[in-house]
Amino acid sequence: MTSSRRNPPSRRRGGGGGGEGGSRSGAGDRRRGRRIRLTLAVCVSLLVLVVGGAGWIYLQLNGNINTFDAGGLSDDRPTGSSKGENVLVIGSDARTGGNNALGGGDTNDIGRSDTAFLLHVYADHQHAVGVSIPRDSLVTIPPCKLPDGTWTKAQNNTVFNAAYSIGQTPQGNPACTQNTVENLTGLRVDHTVVVDFKGFAGLTEVVGGVQVCLPQDVYERDLSPHRATRGQLLFPKGLQTVSGKKALDYVRIRHGIGDGSDIGRIKRQQAFVSSLLKEIKSNGLTPTNLLPLADAATKSLTVDPGLGSADKLISFAMSLKDIDLHNTKFITIPWRYQGERVAIVHPDADALWAALKADRTLDGHDASGRKTTPHTPASPTPEPTVSGNGRAIAVYNGTTTRGLAARAATTLTTHGFTVTTTATAHAHNHTTTLIEYGPGQQSTAQAVAALFPGAQLQPVTAPGVSVVLGQTYADTPAASAAPTAVPSKVAHDARSADDNPCSNLTYG
């Protein structure tokens, strides 16, 4: 009985009369089938986990990202000039959301801009240049939107970083800063990115630290000049790696090193960003490496709606992967001191904006990505020689064609005028361009009229000179003259992202 239970006759014979060999073959087929099904199940499960994990990561990144209201952007913006992009990067001195522990200050403080630069990515996607704008630069802040929906009036001769604080909100006003940069440069800003202290510190930790170089020992009092004693040593002289709060201290310090100016600090920041790019590039610009970077950055990132998702941010970052470090330059807008403030130097700055708009590198090379043609294009009609000598002009678009005021402002600033306002006129049905001038301003109006053929001059009782653009100006093609070369002094002061971090240790 025991024997029959262990080896039932039916199993010994096999199911199909094939004997014992058939029994083993059938069992093997069943085992192989089970293994295949198990393998498929494991593969499908892994695929679901990988796809689900990536989806979860993207959802997490999307949840991290804050966007600002694009309704605060001007309704008269410059037109895009090429396939390149202009990205405004703002370093926020925010004291909320955990940033006060890194930067100090009142947690109820209003949003402030600590640093800003305009990154121009050339159309060939092989070159890029970052132009730093000192926070104490005297500029015109155009009308900006307030939290209650009203708009401010233009503010002339105002420090640049005041634009970010308009509205007095903790989150600041990135749209107003973007309006100011577009008004200043005549370039269309495609994207704006705001990074606060916490996001910056987290980014440096993810890459494993950034190399910096100090010309001398730096102490706590150099960071906080109101200290009674010099305090502990923060940075020893020479090359070293910093991350987190230490990295923040490095880029924020301005006293006890160089000439103690904001210009000197900008040079240090440019050196730091160069080193940060080296670290990121050395790790490889792949989605796998970008995800932890994106996670760190997006936790304290505010962007325009055009970059308001993880896939858009990572796609933009991937578009920069072919830009060589040596072809990534950093410069400061042409400047000079005006008392304790910084004045922008014209026409040097205007030549810089013209070169970037035409996708010309600092050394004059064509980086537009356009194929050259064998024929020589016809020379454009030269513009009249006009010297604005800094005289103030307001510009209004009297048509329904967008971007005209910004285009006219570029023409005026290129010829040395100071454009105080670019806005939309009350009426949009002007046929001819009108130049209105107040008492004693006729000669200025005549100089302006030389830049707008067919314009009519009209005296008014209000002071100043205003240009109200008509449809005739809208119908006139924009001048296509070759861009003015970037002044050699501006190009000579440029820093490449692959420069030695110990070069130019005086930092101003």
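The values are calculated or read from the model by the stated rules, or taken from the named source; none is laboratory data. In this text, all values refer to a predicted model and were calculated from it rather than measured experimentally. Cβ sites come from the backbone with ideal geometry, for glycine too, and all protein chains shown count toward neighbours. Keep in mind that these areas ignore ligands, DNA and RNA; they rest on the heavy atoms of the full protein, side chains included. Shrake-Rupley method; radii C 1.70, N 1.55, O 1.52, S 1.80 Å.
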* For LEU239, indicate whether it is open to solvent by 40 Å² or more (accessible area, probe 1.4 Å) and either out of contact with any Ser or Thr (no Cβ under 8 Å at 6 or more places or on another chain) or within 30 Å of LEU356 (Cα to Cα) (or both). => yes
* Structure fact -> Going through region 145-169 in order, the residues found to be in contact with a Gly (Cβ under 8 Å, 6 or more places away or on another chain) and not charged (D, E, K, R) are LEU146, PRO147, TYR164, SER165, THR169
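Is it the case, given these coordinates, that VAL42 is of a type outside the set (Lys, Arg), over 27 Å from LEU203 (Cβ atoms) and at pLDDT below 60?
yes
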* Asked: Before we move on, is ALA201 touching a Leu at 6+ places or on another chain (Cβ under 7 Å), within 27 Å of SER503 (Cβ to Cβ) and outside any loop (DSSP other than H, G, I, E, B)?
  -> yes
* Answer with yes or no whether THR332 is under 29 Å from ASP196 (Cβ atoms) and not acidic (Asp, Glu). => yes
* Working only within region 220-234, note down all residues that are within 28 Å of LYS278 (Cβ to Cβ) and modelled with pLDDT of 90 or more. => LEU233, LEU234
* Asked: Is there a residue being open to solvent by less than 20 Å² (accessible area, probe 1.4 Å), at pLDDT below 90 and within 17 Å of the chain's Cα centre (by Cα) anywhere in region 67-78?
  -> yes
* Asked: Failed condition for ALA481, given (1) of a type outside the set (Asp, Glu); (2) at pLDDT 85 or above; (3) open to solvent by less than 70 Å² (accessible area, probe 1.4 Å), with all others met?
  -> (2)
* Filter region 193-204 for residues that are β-branched (Val, Ile, Thr) and either free of Cβ contacts under 8 Å to residues at least 60 places away in the same chain or in contact with a Gly (Cβ under 9 Å, 6 or more places away or on another chain) (or both) and give the result. => VAL194, VAL195, THR204
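Does LEU325 count as at pLDDT 85 or above, of a type outside the set (Ser, Thr, Tyr) and farther than 16 Å from ALA201 by Cα? Give the steps one after another, and end with the answer.
On the way: at pLDDT 85 or above: yes; of a type outside the set (Ser, Thr, Tyr): yes; farther than 16 Å from ALA201 by Cα: yes.
Yes: the conditions hold for LEU325.
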* Would you say PHE197 is modelled with pLDDT of 90 or more, aromatic (Phe, Trp, Tyr) and open to solvent by less than 20 Å² (accessible area, probe 1.4 Å)? -> no
* Residue selected from region 340-361 under the condition assigned to a loop (DSSP other than H, G, I, E, B), in contact (Cβ under 8 Å) with a residue 40 or more places away in the chain and open to solvent by 10 Å² or more (accessible area, probe 1.4 Å), by the criterion farthest from ALA123 (Cα to Cα) -> GLU340
* To do: Could you identify the single residue in VAL207, VAL212, VAL189, VAL181 that is in contact (Cβ under 8 Å) with a residue 40 or more places away in the chain and open to solvent by 10 Å² or more (accessible area, probe 1.4 Å)?
  => VAL207
* Taking VAL159 as the residue in question, decide whether it is modelled with pLDDT of 90 or more and open to solvent by 20 Å² or more (accessible area, probe 1.4 Å). => yes
* Asked: Got at least one residue in region 338-352 being among the polar types (S, T, N, Q) and in contact with a His (Cβ under 6 Å, 6 or more places away or on another chain)?
  -> no
* Structure fact -> In the set ALA392, ALA427, the lone residue that is at pLDDT 85 or above and under 20 Å from ILE344 (Cα atoms) is ALA392
* For ARG407, are the conditions met, namely being open to solvent by 50 Å² or more (accessible area, probe 1.4 Å) and part of a helix (DSSP H, G or I)? -> yes
* With respect to GLY416, determine if the residue is touching a strand residue (DSSP E or B) at 6+ places or on another chain (Cβ under 9 Å) and either among the basic types (Lys, Arg) or not in a helix (DSSP H, G or I) (or both). => no
* Which members of region 299-321 meet the condition of being of a type in the set (Asp, Glu) and closer than 22 Å to ASP124 by Cβ? -> none
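Results for (1) surrounded by fewer than 21 Cβ atoms within 10 Å (Cβ to Cβ); (2) basic (Lys, Arg); (3) within 18 Å of THR204 (Cβ to Cβ); (4) without any contact (Cβ under 8 Å) to a residue 12 or more places away in the chain, shown as yes or no for each residue.
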{"residue": "SER261", "(1), (2), (3), (4)": "yes, no, no, no"}
{"residue": "SER275", "(1), (2), (3), (4)": "no, no, yes, no"}
{"residue": "SER300", "(1), (2), (3), (4)": "no, no, yes, no"}
{"residue": "LEU313", "(1), (2), (3), (4)": "no, no, no, no"}
{"residue": "PHE330", "(1), (2), (3), (4)": "no, no, yes, no"}
{"residue": "ILE333", "(1), (2), (3), (4)": "no, no, no, no"}
{"residue": "GLN338", "(1), (2), (3), (4)": "yes, no, no, no"}
